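Report on the following structure.
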Amino acid sequence: MRDMSAAGSSTAALTRMTEPARPRLGISTCLLGEKVRYDGRTKRDHFLTDTFGEFVEWVPVCPEVECGLPVPREPMHLEGDLSAPHLVTSRTGIDHTPRMRRWAKKRLDELAREDLSGFVFKSRSPSSGMERVPVFDADGVPRRVGAGIFARAFMDRFPLLPVEDEARLHDPELRENFIERIFCLQRYRKALGKRRSRGALVDFHAAHKLEIMAHSPKILREMGRVIAHAKDVRPSELCASYEELLVKALGLKATPGKNANVLRNALGYFKKELTADERAEALEAVEAYREGYMPLVVPLTLVGHYVRKYGQPYLGQQSYLHPHPVELKLRNHA
Ligand code: SF4
């Protein structure tokens, strides 16, 4: 397994030198089709490997194999204290928690240098599941309240990184939200670079106002206050406060109601250019989207058309119009 990772990392390094940077995401190795499961099988997820995989660079992690367990191996589960369960083999009762924790500490140090923008975990795994993993209590009753030992350690170490599991990513809204956060974080890192200047942050904020508004107008106002006082704090503190709010805002759902508000706001920039008919048609499309009769892509395409036609510079720079690769068709569901 580690050999495969080593080969993978040199290929990845070469790719980074020759192509524009793609977001780097951690992923549970079995989701990529590697036969690392306890029963020697795979849990390949075709959306992740064949579609989303075109736009990101995967950093595979299999906690059970990388901590030294063989394939195949005895299945395991979580048991004991619901808030700090142990990882135990299901037939022979061997406790692998200390081994897994030792390995995870080292592996998390390595992952801290991988410039990750997020992680896709394997659902329900006692090592890799991010939520609702069964924990057997003192009476042997399974309670779906746990997180896998490695997934818990990862989320504690990197609390601001977006995480999801492959089962939740089958939901179109959760999928769009996760992918949007990944690409926004990537743009944020690229815009701020290592120097993290006030000017770069102000520019980033200006270009992301509508995208943030679609998630939380309230947090957008808070971010505006942070930016307004940019000169009063050191750039590192400024960026830390801003980043926390950005992650918090994008973690909230962009509902049809909030998107409709953003679209109406955008149409307000064309008061002089649009005829009464054009304006009515655009507002009708926004309303039909809000009521669930058409996908977001329809009114957005109309707004994008007016932005190009009338050369509206403020809207033209808004990430809201292109937050993630159009090929992923994330805004095509009603
Ligand atoms: S769920 Fe995690 S530990 Fe289990 S095979 Fe997949 S990557 Fe390995």
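Applying the set (1) small (Gly, Ala, Ser); (2) more than 13 Å from the ligand (Cβ to nearest atom); (3) closer than 28 Å to Arg181 by Cβ to Ser127 leaves exactly one unmet item: (2). Screening Glu19 on (1) within 13 Å of the ligand (Cβ to nearest atom); (2) of a type in the set (Asp, Glu); (3) at pLDDT below 95 shows it passes everything except condition (1).
When every residue of segment 50-61 is checked against the conditions, none turns out to be within 12 Å of the ligand (Cβ to nearest atom) and under 14 Å from Ala167 (Cα atoms). Here the condition is being modelled with pLDDT of 95 or more and in contact with a Pro (Cβ under 6 Å, 6 or more places away or on another chain); of Ala285, Ala334, it holds for Ala285 alone. For segment 89-129, a residue qualifies if it is aliphatic (A, V, I, L, M) and in contact with a Gly (Cβ under 8 Å, 6 or more places away or on another chain), and the qualifying residues are Leu111, Leu116, Val120. Consider segment 292-334 and keep the residues that are among the β-branched types (Val, Ile, Thr) and over 18 Å from Ile182 (Cβ atoms). The one that is surrounded by the fewest Cβ atoms within 10 Å (Cβ to Cβ) is Thr301.
Of all residues in segment 132-139, none satisfies being under 21 Å from Asp95 (Cβ atoms), within 12 Å of the ligand (Cβ to nearest atom) and within 17 Å of the chain's Cα centre (by Cα). Considering Ser90, Ser83, Ser117, the condition of being more than 20 Å from the chain's Cα centre (by Cα) and more than 16 Å from the ligand (Cβ to nearest atom) is satisfied by Ser83 alone. Out of Leu315, Leu274, Leu263, I need the residue that is over 24 Å from the mean Cα position of the chain (by Cα), part of a helix (DSSP H, G or I) and of a type in the set (A, V, I, L, M). Which one? Criteria check complete, one pass: Leu315. Farther than 29 Å from His333 by Cβ and not aliphatic (A, V, I, L, M): which single residue out of Ser197, Ser216 fits that description? Going through Ser197, Ser216 in turn, the sole match is Ser197.
Considering segment 146-178, the residues that are surrounded by 19 or more Cβ atoms within 10 Å (Cβ to Cβ) and without any contact (Cβ under 8 Å) to a residue 40 or more places away in the chain include one that is farthest from Gly118 (Cα to Cα), namely Ala147.
For residues in segment 140-155 being more than 10 Å from the ligand (Cβ to nearest atom) and among the small types (Gly, Ala, Ser), which is nearest to Ser83 (Cα to Cα)? Among those that are more than 10 Å from the ligand (Cβ to nearest atom) and among the small types (Gly, Ala, Ser), it is Gly146. Go through the residues of segment 183-195 one by one and say whether even a single one is on the phi > 0 side of the Ramachandran plot and either of a type outside the set (S, T, N, Q) or in contact with a Leu (Cβ under 7 Å, 6 or more places away or on another chain) (or both). Yes, because at least one residue in segment 183-195 is on the phi > 0 side of the Ramachandran plot and either of a type outside the set (S, T, N, Q) or in contact with a Leu (Cβ under 7 Å, 6 or more places away or on another chain) (or both).
The values are calculated or read from the model by the stated rules, or taken from the named source; none is laboratory data. Just so you know, these numbers come straight off a predicted model, no measurement behind them. With ideal geometry, Cβ positions are generated from the backbone for all residues, glycine too; neighbour counts draw on all protein chains shown.
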